[in-house]
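Trainee: There's a structure below that I have some questions on.
The values are calculated or read from the model by the stated rules, or taken from the named source; none is laboratory data. All of these numbers come straight from a predicted model, not from anything done at the bench. Backbone-built Cβ (ideal geometry, glycine too); neighbour counts: all protein chains shown. Quick note on the areas: whole protein, heavy atoms, side chains included, nothing else; ligands and nucleic acids left out. Shrake-Rupley method; radii C 1.70, N 1.55, O 1.52, S 1.80 Å.
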Amino acid sequence: MRYEYKTVNTCSQLISFDIEGNVIRNIEFIGGCNGNLKAISKLLEGSTVEEIEDKLLGNTCGRRPTSCADQLAIAVREAYDKTQQKV
């Protein structure tokens with residue numbers, strides 16, 4: 001299932017990815033630091049929701065209380081929780 005998440009308080013505006021069970025694939029960021037976000041997407045390809053949360057949740061950017069990476073962790077958890085409600 002393809003999922004889109006509108007980010008909050010980051011340079012990127014949108015994160016989209018595929019979720020199959022608790023596995024995340026094909027992560028794409030719209031906006032933000034292009035090179036860094038492409039690298040994050042490649043490094044996390046095939047990771048589980050829990051692995052992404054463990055690595056990225058709570059990561060901040062400058063003075064902001066969040067970051068693109070933190071927003072990804074929030075997004076994958078939200079997507080997973082929504083898919084579990086449908087089951």
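Trainee: Any idea of the accessible area per residue across the chain, 1.4 Å probe, to the nearest Å²?
Mentor: In whole numbers, the chain has 59 Å² accessible per residue.
Trainee: Pick out which of 18, 70, 54 has the largest mean-square fluctuation in a Gaussian network model of the chain, springs linking Cα atoms closer than 10 Å.
Mentor: 54
Trainee: Give the relative contact order (percent, whole number) for the chain; include only Cα pairs under 8 Å separated by 6+ residues.
Mentor: Working: 137 pairs, mean separation 22.5, N = 87.
It comes to 26 percent, rounded to a whole number.
Trainee: Tabulate in residue order the Karplus-calculated ³J(HN,Hα) for the range 63-74, using 6.51 cos²θ - 1.76 cosθ + 1.60 with θ = phi - 60°, rounded to whole Hz; enter x for Gly and Pro.
Mentor: Once rounded to whole Hz, the list reads 8, 6, x, 8, 7, 4, 5, 4, 5, 5, 4, 5.
Trainee: Ok, one more. Select from 11, 67, 43 the residue farthest towards the positive end of the dipole of the chain; place +1 on Cβ of Lys and Arg, -1 on Cβ of Asp and Glu, and compute about the Cα centre.
Mentor: The Cα lying farthest towards the positive end belongs to 11.
Trainee: Counting only protein heavy atoms, what percent of the accessible surface of the chain is carbon or sulfur at a 1.4 Å probe?
Mentor: Here it works out to 50 percent.
Trainee: Using a cut-off of 12 Å between beta-carbons, work out the net charge of the residues near residue 83 (Lys and Arg +1, Asp and Glu -1, residue 83 not included).
Mentor: Details: positive: 2, 77, 82, 86; negative: 18, 20, 78, 81.
Here the charged neighbours net out to 0.
Trainee: Which one of 35, 46, 58 has the biggest mean-square fluctuation once the chain is modelled by GNM with Cα springs under 10 Å?
Mentor: Most flexible of the set in this elastic network: 35.
Trainee: Provide, for the chain, the number of lysine pairs with alpha carbons under 19 Å apart, each pair being eight or more places apart or on different chains.
Mentor: Qualifying lysine pairs in the chain: 4.
Trainee: Further question: Run lengths n ≥ 4 of DSSP H only: what is the helix-derived mean residue ellipticity at 222 nm for the chain, with -39500 (n - 2.57) per run over all residues, to the nearest 500?
Mentor: On the way: 3 runs with 38 residues, N = 87.
One gets -14000 deg cm²/dmol as the mean residue ellipticity at 222 nm.
Trainee: Which of (1) 109; (2) 307; (3) 81 is the computed volume of the Cα convex hull per residue in Å³ for the structure on display?
Mentor: Label of the calculated value: (3).
Trainee: Please identify, among 76, 49, 23, the residue showing maximal mean-square fluctuation in a Gaussian network model of the chain using a 10 angstrom Cα cutoff.
Mentor: Maximum fluctuation in the GNM of the chain, among the listed residues, is at 23.
Trainee: Which length gain, in nm to one decimal place, applies between residue 28 and residue 86 when the Cα-Cα distance is subtracted from 0.36 nm times their residue separation?
Mentor: Value of the extension gain: 18.5 nm.
Trainee: A further question on this structure: How much net charge surrounds residue 24 when only the other residues with a Cβ under 10 Å from the Cβ of residue 24 are counted, with Lys and Arg +1 and Asp and Glu -1?
Mentor: -3
Trainee: Can you tell me the dipole magnitude for the chain around its Cα centre, using point charges on the Cβ only (Lys, Arg +1; Asp, Glu -1), in Debye to the nearest 20? Intermediate values should be presented prior to the final figure.
Mentor: Working: 11 positive and 12 negative charges, 63 e Å.
Dipole about the Cα centre, nearest 20: 300 debye.
Trainee: Tell me the GluC sites (Glu not before Pro) within the chain that lie in a loop according to DSSP and have at most 16 other beta-carbon atoms within 10 Å. Numbers along the way, then the final one.
Mentor: Details: sites: 4, 20, 28, 45, 50, 51, 53, 78; in loops: 45.
Filter output for the chain: 45.
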